[in-house]
Each structure stands twice: as C-alpha cells, then as structure tokens.
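Asker: Sharing a structure, written as structure tokens. Questions coming.
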Amino acid sequence: MGRILVCAGTGCVASHSRQVTARLKAALHAHHLEERFQVDNTGCHGFCEQGPLVIIEPEGILYCRVREEDVEAIVTEHLEQGRLVERLLYQDPVTKEKIAAYNQIKFYRQQSRHVLKNCGHINPENIDAYLAVEGYQGLKKALALPREEVINIIKESGLRGRGGAGFPTGLKWEYTFKAPGDRKYVVCNADEGDPGAFMDRSVLEGDPHAVLEGMLIAAYAIGAREGYIYVRAEYPLAVQRLRIALAQARERGFCGERILGTDFSCELYIREGAGAFVCGEETALLASIQGERGMPRPRPPFPARQGLWGQPTNINNVETYANVPLILRRGAGWYASLGTEKSKGTKIFALTGKVKNTGLVEVPMGITLREIIFNIGGGILEDRGFKAVQIGGPSGGCLPAEHLDLPVDYDSLTAAGAMMGSGGLVVMDDSTCMVEVARFFLNFTQAESCGKCTPCREGIQQMLAILTRITRGQGREGDLEQLERLARVIKGTALCGLGQTAPNPVLSTLRYFRAEYEAHIRDHRCPAKSCRELLTYHIDPDKCNGCTRCRRRCPAGAISGEAREPHTIDLELCARCGTCLDLCRQKAIYVE
Amino acid sequence: MPGVSLTINDKKVRVPAGTTILEAARELNITIPTLCHDKRLSPFGACRLCVVEVRGRKNLPAACVTPVEEGMTVLTESPAVVEARRTIIELLLANHPLDCLTCEKSGNCRLQDYAYRYGVKRTPFEGTRDQLPLDDNNPFIIRDPNKCILCGKCVRACQEIRGQAVLGFAFRGPATRVVPPLDVSLGESDCVFCQNCVAVCPTGALRDKYLAGKGRWWEFQPEAVTCPFCANGCHFYLLRKEGKVVAVAAGGAAPGRPMCLRGRLALTLIFCEEPPQPQIKTEKGFAAVSWTEALGLEELAGKLWPK
C-alpha cells in the first residue's frame, strides 16, 4: 500500500497543507484509490520555504508548493498513470535540474539527519508510528541499567547542551543525581525564542515522543518522579502534539506510574510560557513555572542543586533530549564517532537569510560554514556576494567571509566572537549593512531584557541609542569607544546570559566590519546602501530621457525637469523612498 | 578553624564557607558599594554595583551573591571594577532626575553617595527620563517612580518582611517599573503604610510624606530608638532639628516581625512636638480620626473614661 505524506508542520499548515490533505482524501475516494493509497500527516521537514510538501511513498517522490488545485493532477497523473507531475518537482537552484526523489535533493543528501530522521516521515500524532521506528527502545534499554550506568553512557557520548552554552549533558545529569534531596525534577526548555530558529518547534511538532523519551530517560537517571515541559504558547501546534503524545505515552505505560512494569514512575506536565524571551534562561524559566515573574536569579546555587521549588532539577532543551534516545539505542561509541574532538554528534541549524535553500539543516559538528551555506544552502540568492553569516541568534555574532572555513563547533565559534546558541544561521549578502544588523539585534534584546539588572536594562538601551544615531547619520566621534566600553561592562557584569551575550552582535561587527561603522560616522555614508537616511538619489543626465514618469510620481515633489530634458532631484526635498528608482526604465537613477 | 581562606586587596581573611565576598570584605573593613543588597532581604544581585574582580574569572561577579572559594584572590577597586561601577552609575543617572538640590533624600541617598565616591559628575548618556506622575494620594508615602532605580528592595521588603506583596515588577526591558497590582496608586492598593519599603529605598523613590519639608537630612540629629509597643522591638529614628523632635522615621523591622504603622504612629504621638492628625483609610479615601481610634484603643478608653 502506498503512502501519501502531507507535511503538517506550522509552515506548511500556514500555506494550506490541511486543505491539501482534505482534497487528497476526497480525490482518492472519488478515484476509488483508497484501497491502494493512504494519506497521512507528518511533522516538519525543515524545508518550509518549499511547502506545502507532499511525499509519495514508497518511491519517495517529493512534490513542492502543492496547492489544492494541484491535487487532481497528482492523483490522475502520478497515482493512476504512474507519471511524475513535472511542474511540482523540486528544482535545484544551482543546476536548475528537476529532482524527483526526496533523498536525491542536495539539501537533504548532504545532511546527516539523526535527530530529524523521523520529522516529516512519521505521523507525530500516532504513537504506533513512533514505536514502528524503534520508539521507546532507548527508554526500555535505560530502565534495564543502573542509573549511574545511564549517566555514564551520556557522559561517554560527549553530548553537550544544544540550548546554547554547550554544557556537557552527562555532567549535568550527574550533578543532579548526586545532589541531596529526595524530590527531583526534569525540565525541558522548549521556550525557543531566537528569531529565525525553529528546530525545537520542528522536533516537537514532528517527533514529540522522542523528546518525551529523552526526558523520561533523564528522569530515570537522576531519580526524578516529575517533569515539566516549558513550551512557548506561541507554538500552539507543538503544544497540541505534545498533549496528544503525552496522553498516548501515559495510555501505553511509558509515562506515569510503574513505567514498563518497573519500579520507576514519572509524571510529565506541560507548562505554556507567556512569550518572554528571557524565560529561555533556566532560572527565569523555573521562576515562570513556579508562577513567578520570569526573572533570572544569580547562580550558584545552580538548578542541579536548587532548581524547581528549591529541589535538584535537570534542565535540558528540546534538541538535547531528542538526542538521548538515539544515544541509548545506538550506543555512546556510535554517537561519539560523529562530530569533533570536543563537540560530538550533530547539530540542527535554522538556515535563513539570503541563501537559496532555507530551512532546517542537521549536520555533524565540525562541518564548515562554507559547506552549510554553499553546498546545502546552494549559495547566495541571486548569486550576489557573501558578506557575513550571523550565527547563534541575538546573542551570537556576525562572521565574515574569512571565517567561512571555520569548523562549526562550540569552541571555534566562541573563539571567533560568535556562538552556537540555538543554531540560528542568517546569511547576509553584500546589500546588508552591518551597523543596521547590530542595531536590529540590540533592538530585540533591549525589548526582551527582563529589566532586573542595571547593565542589561540601561546599558543595552544606550547601545541601541548610539547605533540608531549612527544609522541615521548622526554618529559622533567617540561613539565607537563608547560602544566598546558599554559592551565590555555589560558583558562583564550582567546578571544572566541574555545580558552577557547581548553585546555580541555589536562586538563582532565592530571586530570584522569596523570600517563600515567609520564610514557611517565620518563620511555619513552607508557602504551597503541600506541606511535610508544616509542615501542620496541622483539622476544620470546621460541616461535620463526626460520621460517625466519619476517627476509625476515622486511623493515628495523633489524631481524637476522639462519633458525630454534630463531631470534632477532636489536632495533637500527627497524623502529617499526609492519610488523613482523602481519607476525608471532607463536605469538613470542611482544611489550613493 | 574550619573555613575558607581568601585574599581581598592583598589582605588575607578566613571566613566560614558560604560567606559572600561582600561579607568577607566587610570583615576587613573594605567597603564595597551596594544598591540592591540588604542582608535582611533575599539575595537579588540586580544593581551590579558591587561587582569585583576575581583572578582567573572572565566576568566580574557581584560580591553580594558570590560565595567565597578557597584561595580566591579578589580585587575590589581594580581599573576594570572602577570602570564598571562608573558606567553603571552613569547609566542609572541617564534615567534619573538630577534634582538633588531640592530632593528630600539629598544627603541620605546612596546613588548620590556613590556618584560622589566615583567622581561621576555628569553622564555621557541620554536617557528617556520619563515624566511619570507622582503617586502621593495617601497621607504616608510619596512614591516617585522617576527616581526608582529598580533595585527591588521595596519589592522584597514588602513581600518578605511584611508578607504583603503590594509592590512588584511590571513591564519589561527599559519600560520595567515597580508598581502596586494593576498599576494603581499606593492609596488605592492594599498597602498598609508600614514603611518597610521607605526604610530600604536607597534613593528618593519612596519617601516618608510626613518628613517632606521638615528639613534636610544633615540638619537632623537622628536618635535610634526601639519601638516599645510590642515585644519585638523594631527600629526607628527620632529626627531632631534644633532640639525638637520633628519626625519619626522608619529604621528597620525586627527579625520575624514587620514594622507596623501603629508603632510608628504611637512613637510619633509620644515624641513629636507637633504630631500630625492621624488618618484612616475608608472606602471614600483617607479620613482624619482621633488618636484613640487610630491606635485602636476605643475599648480601653471607654473603660478608663466612661461617657
């Protein structure tokens, strides 16, 4: 029996994949194909830009951007006559070749999908689909081992926290295990807040049982009987799938009292966050679970000793927990064979920006940025020049072309002034202004600061004010030194990770693109031609044929000139809206 | 003696394990500036003014919440520390009304003291200096949110000493403020005007209304007194000016018992030359009442002086 898998991740649902599913079911019925084909929904493939995605199995043919109207063609041509619907196939952005088979697409072929293996291939709302791919075998294996042995396996695997800081997971488990206290907790940080990062959401939506299994293994290892999943309320689909998964796991005895007939009992609960970025910080997250305002507190004591309700608590994020069942099933040795000396396994990146293929990319640690951006990502959009890659979300940094061959692992990234963070990768081309990029990220962090500590609350606000002035052409001598001093103080003195890393976008752009800042301040010029207040529009008199199009449509009335005579722009009046540039057929208008 | 040995500014000290760097420094008479720290309240670590340099650490930890470690070498006034403290003071001043000339708190203000100590004459930063309305529709406390530096002492005092939890943080980022529930005024809130918050406020954000206009801090000769009205013994200050007691200021709560309005009022009645007319909160607002009623002594008075 053939299977038709329709992606039901957030991206595809937003582009109407539910309607595609309904139409498919109706069409199968109408064409009497229900006996031969079954329609099933899956979680996210991480290729949202091409959605809605439909895969026909067993051949593994991928159809992209499938609209309701396309369903009929898929049914009549592909299912009935065995002919591929050419126009819906994926086209390689580089070779322009149409590719039919999912696993032949370069975007997927060059990845090492282990954590994401099930995402897009199993129905996340059906526990049997998970069980069919060795689901809960890791838990079964763990429960047969002494707790210390499970912790040892995680330690030997070399798994490090995927939430950003990269703390060794096994060590964290061991601390919590050894911490005195008979009530212990496991907590899953699913408060994914970095703009552009959506790997945790995809895992929760596409393979929720893997996260539950990871948490249950952790709970067993540290001796916890209760756990919380702190998930963003802005992820309604993830919350819904988690609820379904949790109910099914309870029903089948994987969660709750006497799990799998052993003495181990553990109950898991879902807590929805209220939309504060800072609640991704572990102590703020715990405060929020307790019903308090999400504000970080000083550490020590670390949550491993005093966490939820003052009890020893193990906190890992979604991706970390999703790695755990794999390690248990396939062994620490297998896991440690992936990646580099100090960063083991794979990491999921959310590749976005000015790159041809955008989406989730799972690669072994140590792969270079160049491989991710140019091989998997297919290179820069419109084949423009690569300028920088912003890595690690708002706390990360911007790395220039000379770092393209940097191996992507925790330590190399930190040394280069960026960080792994949650794994956001925003590719920027030569039209991007790096001062504006820094301003953009600081605008985010200043608004999301919890307001508790002075350097973060007041300092980021001041850095933002300086950056805003610079992008408006009002930069002053001494601004860069002021930015550097503020960055140094905020990094050195802020209470939590949010503040300590908030200056990174400024520091890394100052480190690699200082000349761009200087051009803004000294020459009142934006080299990337992006900062509106610094641009001047001009008409090339040799190219202008005096067609009057721009003059008639200029909203500021800044253009003058007789018909069939070259026009001119009054820079005093010009609002820099770019209307004339878009209108001119002679390409006579240029920006400086 | 069991404990932890460390060096602070080249001086060796041995303290019990679990001591903070701040407490260890106090043993050596080294003063580290603090705004949000109060040993009677839970550790908070928010103002970051008490940051110190610890050899071998990348960041500057806050002395008030960092426990000492064996062999630690701490510098409390290194160039990096002084730069950080100056910057933090400048940042706070960027959003603080610089009206020390007429501020009631002048002379008794930590922010002013530390600006003086670190020679911060002006701030290079342009803050928003919001013009938030003054909250003074009650007879006891003036709350000036513009002067608040968000140290959170009042929030903790209200919650931890009194158990009242009238004050809390609201909003996020630069918009963060300390407010009573639903952002109402103190007069409309469940505030009982115990003044624990006023006693801990390091700036002029929370002030005793009765003190307003009575004199500058340096004109007073404060005398510490213990409240005799119950067995706990909270601290108050009789503020004398030119020999006359002009006001009773809240000092601090006794362990295990919050200061109460009744104690302060009774002290005011006894010691002040011109005690104010007490007021009681009714549904319509504050109304003037007799001292007998304010102190809840009607039953006793009825027995002593039957009508």
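Asker: What does the helix-only formula give at 222 nm for chain A: each DSSP H stretch with n ≥ 4 adding -39500 (n - 2.57), the total divided by the residues, and the result rounded to the nearest 500 deg cm²/dmol?
Answerer: -10000 deg cm²/dmol
Asker: Could you sort the peptides A:125-132, B:9-16, B:91-98 by per-residue average Cβ neighbour count (10 Å cutoff), highest mean leading? Write down the numbers at each step before the final one.
Answerer: On the way: A:125-132: 17.1, B:9-16: 13.6, B:91-98: 20.6.
Final packing ranking: B:91-98, A:125-132, B:9-16.
Asker: Sorted by average packing, counted as other Cβ atoms within 10 angstrom per residue and highest first, what order do A:556-568, A:285-297 take? Provide the component values of the computation, followed by the final result.
Answerer: On the way: A:556-568: 15.2, A:285-297: 20.5.
Averaged packing, sorted descending, gives the order A:285-297, A:556-568.
Asker: Please sort by residue number the GluC sites (Glu not before Pro) in region B:217-307 whose DSSP state is loop and whose Cβ has at most 16 other Cβ atoms within 10 Å.
Answerer: Sparse-neighbourhood loop GluC sites (Glu not before Pro): B:242, B:273, B:283.
Asker: Two decimals, Cα atoms only, Kirkwood Rh: what is Rg/Rh over region A:386-455? Intermediate values should be presented prior to the final figure.
Answerer: Details: Rg = 12.9 Å, Rh = 12.8 Å.
Value, to two decimals: 1.01.
Asker: With a ≥ b ≥ c the root eigenvalues of the C-alpha gyration tensor of region A:289-395, is it rounded (a/c under 1.5), prolate (a/b larger than b/c) or oblate? Don't skip to the end; give the middle numbers.
Answerer: Details: a/c = 2.94, a/b = 1.58, b/c = 1.86.
Cα axes put region A:289-395 in the oblate bin.
Asker: Moving to a separate point now. What is region A:534-589 by shape, rounded, prolate or oblate, if you read a ≥ b ≥ c off the alpha carbon gyration tensor as root eigenvalues and call it rounded for a/c under 1.5, prolate for a/b larger than b/c, and oblate otherwise?
Answerer: Because a/c hits 1.5 or more and a/b exceeds b/c, region A:534-589 counts as prolate.
Asker: Which of the trypsin sites (Lys or Arg not before Pro) across region A:328-396 are loop residues per DSSP, with 16 or fewer other Cβ within 10 Å? Display every interim value, and only then the final one.
Answerer: Working: sites: A:329, A:330, A:342, A:344, A:347, A:354, A:356, A:370, A:384, A:387; in loops: A:342, A:354, A:356, A:384.
For trypsin sites (Lys or Arg not before Pro) across region A:328-396 that sit outside H, G, I, E and B with at most 16 neighbouring Cβ atoms in 10 Å, the list reads A:342, A:384.
Asker: Hey, another quick one. Given a cut-off of under 8 Å on Cα pairs at least six residues apart, what relative contact order in percent is computed for chain B?
Answerer: The value is 12 percent.
Asker: Name the long-range amide H neighbours of residue A:270: under 5 Å, sequence gap of 5 or more, or other chain; modelled H, no Pro or chain starts.
Answerer: For residue A:270, the qualifying residues are A:229.
Asker: To the nearest 20 debye, what charge dipole does region A:534-589 have about its Cα centre, counting +1 at the Cβ of each Lys and Arg and -1 at the Cβ of each Asp and Glu?
Answerer: That gives a dipole near 300 debye.
Asker: Follow-up question, since we're still on this one. Along region B:79-90, what does the Karplus equation 6.51 cos²θ - 1.76 cosθ + 1.60 (θ = phi - 60°) give for ³J(HN,Hα), rounded to whole Hz, x for Gly and Pro?
Answerer: Working through the residues one at a time gives x, 5, 5, 5, 4, 5, 5, 4, 4, 5, 5, 4 Hz.
Asker: HN-Hα J couplings of region B:23-37 from phi, Karplus 6.51/-1.76/1.60, θ = phi - 60°, integer Hz, Gly and Pro as x?
Answerer: Working through the residues one at a time gives 5, 4, 5, 5, 4, 9, 6, 9, 8, 10, x, 9, 10, 9, 7 Hz.
Asker: Step through the residues of region B:262-273 one at a time and calculate ³J(HN,Hα) from phi using the Karplus curve (6.51 cos²θ - 1.76 cosθ + 1.60, θ = phi - 60°), rounding each to whole Hz and writing x for Gly and Pro.
Answerer: 4, x, 5, 5, 5, 4, 4, 4, 6, 9, 6, 5
Asker: While we're here: Magnitude of the Cβ-charge dipole of region A:1-83, K/R +1 and D/E -1, about the Cα centre, nearest 20 debye?
Answerer: Using only the charged Cβ atoms, the result is roughly 180 debye.
Asker: In peptide A:455-468, what is the residue-averaged number of other protein chain Cβ atoms found within 10 Å of each Cβ?
Answerer: The mean count of partner-chain Cβ atoms within 10 Å per residue comes to 5.
Asker: For residue B:168, what residues show an amide H to amide H distance below 5 Å, using hydrogens built from the backbone and excluding near sequence neighbours?
Answerer: B:179
Asker: Taking each residue in B:80-92, count the Cβ atoms of any other chain within 10 Å of its Cβ, then average. What number comes out?
Answerer: Details: counts 4, 2, 0, 5, 7, 2, 2, 13, 8, 1, 6, 11, 3.
Counting Cβ atoms of other protein chains within 10 Å of each residue's Cβ and averaging gives 5.
Asker: Also, quick follow-up: To one decimal place, what Kirkwood hydrodynamic radius in Å is obtained for region A:43-172 from all pairs of distinct Cα atoms?
Answerer: Kirkwood radius, region A:43-172: 17.9 Å.
Asker: What does the C-alpha gyration tensor say about the overall shape of region A:125-335? Classify as rounded when a/c is under 1.5, otherwise prolate if a/b is larger than b/c, or oblate.
Answerer: Cα axes put region A:125-335 in the rounded bin.
Asker: Beyond a 31 Å Cα-Cα separation, which of these cross-linked pairs lie in this structure: A:25/A:140; A:172/A:452; A:106/A:155; A:184/A:452; A:117/A:491?
Answerer: Result: A:25/A:140; A:106/A:155; A:117/A:491 exceed 31 Å.
Asker: Still on this structure, please answer the following. Under the rule of -39500 (n - 2.57) per DSSP H run of 4 or more residues, summed and divided by the residues of chain B, what mean residue ellipticity at 222 nm is obtained, to the nearest 500 deg cm²/dmol?
Answerer: Values: 8 runs with 62 residues, N = 307.
My calculation for chain B gives -5500 deg cm²/dmol from helical runs alone.
Asker: Taking Cα atoms, how many degrees apart are the long axis of helix A:460-471 and the longest axis of chain A, rounded to 10 and kept between 0 and 90?
Answerer: For A:460-471 against chain A, the angle is about 30 degrees.
Asker: Just to be sure I understand: with springs between alpha-carbon atoms less than 10 Å apart, which residue in B:297, B:239, B:267 has the highest mean-square fluctuation in the Gaussian network model of chain B?
Answerer: Among B:297, B:239, B:267, the largest GNM mean-square fluctuation belongs to B:297.
Asker: While we're on this one: How much accessible area is lost when chains A and B come together, counting both sides, with a 1.4 Å probe, in Å² rounded to the nearest 100?
Answerer: So the buried area, both faces added, is about 2700 Å².
Asker: Can you tell me the Rg and Dmax of region A:344-427, counting just the alpha carbons, in angstroms?
Answerer: Considering region A:344-427 through its Cα atoms, Rg and Dmax are 11.3, 35 Å.
Asker: Another question, if that's okay. Give the average, rounded to an integer, of partner chain Cβ atoms located within 10 angstrom of each Cβ in B:172-183. Present the calculation step by step, with values, prior to reporting the outcome.
Answerer: On the way: counts 13, 13, 10, 4, 6, 1, 1, 0, 0, 0, 0, 0.
So the per-residue partner count for this stretch is 4.
Asker: Let me ask another. Would you compute the Debye intensity of chain A from its alpha-carbon atoms alone, equal scatterers and no solvent, and pass along log10 I(q)/I(0) at q = 0.05, 0.09, 0.12, 0.13 Å⁻¹ to two decimals?
Answerer: The Debye formula, applied to the Cα set alone, gives -0.25, -0.78, -1.22, -1.34.
Asker: Pick from B:281, B:39, B:153 the residue whose mean-square fluctuation is largest in a GNM of chain B, springs joining Cα atoms under 10 Å.
Answerer: Most flexible of the set in this elastic network: B:39.
Asker: Give me the dipole magnitude in Debye, nearest 20, for chain A about the Cα centre, with unit charges on the beta carbon: positive for Lys and Arg, negative for Asp and Glu.
Answerer: Numbers: 72 positive and 71 negative charges, 149 e Å.
Magnitude of the dipole: close to 720 debye.
Asker: Across 5 Å bins from the origin, how do the percents of Cα pairs in region A:432-521 run, short distances first?
Answerer: Going out from 0 Å in 5 Å bins, region A:432-521 shows 3, 17, 30, 26, 15, 8, 2, 0 percent.
The values are calculated or read from the model by the stated rules, or taken from the named source; none is laboratory data. Every value quoted in this text rests on a predicted model; they were computed, and no experiment measured them. As a convention, Cβ positions derive from the backbone with ideal geometry for all residues, glycine included, and neighbour counts pool all protein chains shown. Side chains are part of the model used for accessible areas, which takes the heavy atoms of the whole protein and leaves out ligands, DNA and RNA. Shrake-Rupley method; radii C 1.70, N 1.55, O 1.52, S 1.80 Å.
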